[in-house]
Each structure stands twice: as structure tokens, then as C-alpha cells.
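Student: Provided herewith is a single structure, encoded as C-alpha cells, for subsequent inquiry.
The values are calculated or read from the model by the stated rules, or taken from the named source; none is laboratory data. Here the structure is a predicted model, which is why all the values come from computation and not from measurement. Reconstructed Cβ throughout: ideal geometry from the backbone, glycine too, with neighbour counts over all protein chains shown.
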Amino acid sequence: MTNLDNLKEMKLLDPSGMMENVLNFPDMVETGIQLGKDALIPASYKKIKKVLFTGLGGSAIGGDILKNLLGDNSPVSISVNRNYSVPAWVDKDTLVFAASHSGNTEETISAFKDALSKKAKVIVVTSGGTLKKLAEGHKLPVVVVPGGKPPRASLPYLFFPVLLIMDKLGFTKIKTSELDELSEILRKLKKAYSPEVKAETNPAKQLASKLFAKPVIVFGAADLTDAVATRWKCQLAENSKVFTFTCTIPEMNHNEIVSWELLKKVLRKFAVLFLQDGNELPQIKKRFKLTKQVIGKKANWVGEVNSVGESMLIRTFSLIYLGDFTSVYLALLYNEDPTAIKIIEDFKNALSK
């Protein structure tokens, strides 16, 4: 097991620099915001009634976050698609964001073509590849983001341009002060979670140690932190190589909670983490409390982390940033390269044959 205070040892286990990507997150946020501000969008794109975000993996999570953030405050409905085709309701009144960091994700390319066949208005977010060529061939708006990083490390590039475009189109209202505060808080969290900060005072290192040698369940609240829980699951899976589940309150209380009745020896191995936003409805807060009481008696470890900041955007990304740091530290505890995803690469190769 790696000593998380041994910087030299950690660097050797991270040859591709996933920790460096996490440390650069605040800078990437600012770049993503600027890309969104600079994006040129046809005036006709304002005349839409529905929004669909299509993508896979690290390129798709931005859609889930967008849906949570805008929620009931958006004048248009927002849906997320992870498939080779788009829903039947997509039409000329639908704005489709097709996001693929590489530009070569086969499902997203297929969904892009399907959206065009349905006369949807399409915006592509990519670093290049086939998707960029197709969009340029059809003279569609393309936000070209920096490449060279794994999609999961490029969330700020893939999310913030979309958020700022939605703001340009009048579907949300983002204040400059909110973006400035986001940048300030992320930089403060970076200092608190950085490798140079010893484990005894580093919340991310401490949390990674609590999760070590256990499968993980991450809890979120519906339409508030469930997208963040999904982000944690994906980061723990790809970076840490840890089997991770997500559960959503209140839905979990109507079915999955019963699964804690049996297999007590198996359940005793689990670490359970609750993502606390602070702005949950009173009944949701009560459900979180009662759920912890039920599971706390049966899991190996139960804990919680709390968001920081005033706006939902800032609170959301404060939790995401902690999750990113924690997933890299956990990978290093397992002596694993946090960037390597050999099983996915082998699967894609087999699929292409």
C-alpha cells in the first residue's frame, strides 16, 4: 500500500499524470468557460423547445450535471442520451449537444447522424476526430476543446461550454460573480487536497484511506446530487479500479433498502458514502438520516461529505472536485496507475473486429 505522503512514490505510480490533471481542474474550468463565451451559435437555435445531451462515459456526465443544475428552472426540458440513436421525440425543435472528447465514440457518431436525420439543431463538443469532421461538413457549430487527456479528466472542457451556450440562448442565467466564486473555491480546495498536504490534515487522503479495500456505495439525492454520485462512481471505477454502486434517495427507500436484510457477511465489506448538499428538502434530509441508521449497523464503514459554496453550481463542483482527488489517492493506495483503463481498451479492440 502506497504512502500517500511519499510524493516520489506517488509520482512513479502515476506516469501519465492523472494527479496533474486533477490539480489543473480550476484552470480547465476557466478555459471551458471561455470556450463557451467564445462559441458562435446561430440565432435560429434560440427557437427550440427541448434539449438533448448525447454522449458516453466521461463525455456524458456533463449532461447529467446540466440536467440537475437547470432542473425545474429551465424553460426547456433537458434529457441525457447514452445510445446509438436518439429518442423518437427529437425533431426540428430540439437542440442536441453531441459530446465526444475524442470525436470517435461510435455511439455518439451514430446518435449525431440520427439527430440530423430528424432535422434537430446540433452543436458538437469535441477535441477532433470523426465527429468534428462530420459537423464541419454539415456546417454545424463546433466547440473544439483541448485534447490529449482522458475524457474523464476533461469534464470542465466538456461541461462549461455547454452551460455557457445555454446561458447565451436564454435558458439559464449565470452571473459572472458566481463563476468567479467557483474559481476561487476550487483553488482553495486544490490547496487543501494537494499531495503536498499531509494525510493527517488532508480530507481527500483521509477519505481514500476510509474507502480502501472495500467496494463502495455512493448515495445522492434525486435531482440534486445524484449526478455527482454518478461522477464519483465513474471516477472510482476508472481511476481507482474499485467496484462502485450508486443509490438515490428517495427511490432507494422504496426498494433497494430491503436488500440490506440478507448477505450480512458480504454487506459487512462495504463502505457507504453519503453526498450531502445542505439544500435538500426537509423530508430528504430525514430520509438520509434514517437510511444511515439502517445501513450503519450493517456496512463496514459509513461516512458523509458536505458541499461548500452558495450556489448549486459551486456546491456541485466542490463535491466533484473532492471525488476526483479521492479517486486518484485511492488508486495509489492500491498501487494502481490511475490513468490506465486496459480492460476498456481491450473491449473496444474486440468490438472493432
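Student: Can you name the number of the only condition in (1) of a type outside the set (K, R); (2) in contact with a Ser or Thr (Cβ under 8 Å, 6 or more places away or on another chain); (3) touching a residue at least 40 places away in the same chain (Cβ under 8 Å); (4) within 30 Å of K191 (Cα to Cα) that G32 fails?
Tutor: Failed condition: (2).
Student: Out of D5, D27, D64, which single residue is closer than 26 Å to E184 by Cα and without any contact (Cβ under 8 Å) to a residue 24 or more places away in the chain?
Tutor: D27
Student: As an exercise: evaluate T326 against (1) surrounded by fewer than 20 Cβ atoms within 10 Å (Cβ to Cβ); (2) not in a strand (DSSP E or B) and give the number of the one condition it does not meet.
Tutor: (1)
Student: Right, another one. Do you know which of the residues in segment 329-353 that are in a helix (DSSP H, G or I) and basic (K, R) is surrounded by the fewest Cβ atoms within 10 Å (Cβ to Cβ)?
Tutor: This residue is K342.
Student: Specify which of the listed residues (V272, V266, V294) is over 30 Å from I341 (Cβ atoms) and of a type in the set (V, I, T).
Tutor: V294
Student: Test A115 against the stated conditions and say whether it is of a type in the set (A, V, I, L, M), farther than 16 Å from I48 by Cα and at pLDDT 95 or above.
Tutor: no
Student: Which of the residues that make up segment 37-66 are closer than 13 Å to M166 by Cα, assigned to a strand (DSSP E or B) and β-branched (V, I, T)?
Tutor: Across segment 37-66, the qualifying residue is only V51.
Student: Of all residues in segment 206-230, how many are touching an Asp or Glu at 6+ places or on another chain (Cβ under 8 Å) and basic (K, R)?
Tutor: Adding up the residues that qualify gives 0.
Student: Residue under question is L207, and the condition is that it be at pLDDT 95 or above, crowded, with 19+ Cβ neighbours inside 10 Å and outside the structural domain of L313 (by TED's automatic domain parsing); does it hold?
Tutor: No; evaluated as a whole, the condition is false for this residue.
Student: Could I ask something else about it? Restricting attention to segment 245-268, which residues are touching a residue at least 12 places away in the same chain (Cβ under 8 Å), farther than 25 Å from I314 by Cα and not in a helix (DSSP H, G or I)?
Tutor: Within segment 245-268, just R268 meets the criteria.
Student: Quick one: which residue in V124, V142 is free of Cβ contacts under 8 Å to residues at least 24 places away in the same chain and crowded, with 18+ Cβ neighbours inside 10 Å?
Tutor: So the residue among V124, V142 that is free of Cβ contacts under 8 Å to residues at least 24 places away in the same chain and crowded, with 18+ Cβ neighbours inside 10 Å is V142.
Student: How do the pairs read when you match residues in segment 182-198 that are outside the structural domain of T326 (by TED's automatic domain parsing) with residues anywhere that are surrounded by 14 or more Cβ atoms within 10 Å (Cβ to Cβ) and charged (D, E, K, R), using Cβ under 7 Å and keeping only pairs 6 or more apart or on different chains?
Tutor: S183/E30
Student: On to the next question. Does segment 68-86 contain any residue that is surrounded by 22 or more Cβ atoms within 10 Å (Cβ to Cβ), within 15 Å of I165 (Cβ to Cβ) and touching a Gly at 6+ places or on another chain (Cβ under 8 Å)?
Tutor: For segment 68-86, residues surrounded by 22 or more Cβ atoms within 10 Å (Cβ to Cβ), within 15 Å of I165 (Cβ to Cβ) and touching a Gly at 6+ places or on another chain (Cβ under 8 Å): absent.
Student: From the list A88, A98, pick out the single residue that is assigned by TED's automatic domain parsing to the domain that holds V76, free of Cβ contacts under 8 Å to residues at least 12 places away in the same chain and of a type in the set (A, V, I, L, M).
Tutor: Exactly one residue qualifies, and that residue is A88.
Student: Moving to a separate point now. Hey, A213 hits all of (1) buried (at least 16 other Cβ atoms within 10 Å of the Cβ); (2) among the aliphatic types (A, V, I, L, M); (3) more than 20 Å from the chain's Cα centre (by Cα); (4) more than 20 Å from R82 (Cβ to Cβ) but one; which does it fall short on?
Tutor: Condition (1) is where A213 drops out.
Student: Then there's this: Hey, can you tell me all the residues within segment 87-121 that are surrounded by fewer than 21 Cβ atoms within 10 Å (Cβ to Cβ), farther than 24 Å from L351 by Cα and aliphatic (A, V, I, L, M)?
Tutor: Residues satisfying the conditions are A88, L116.
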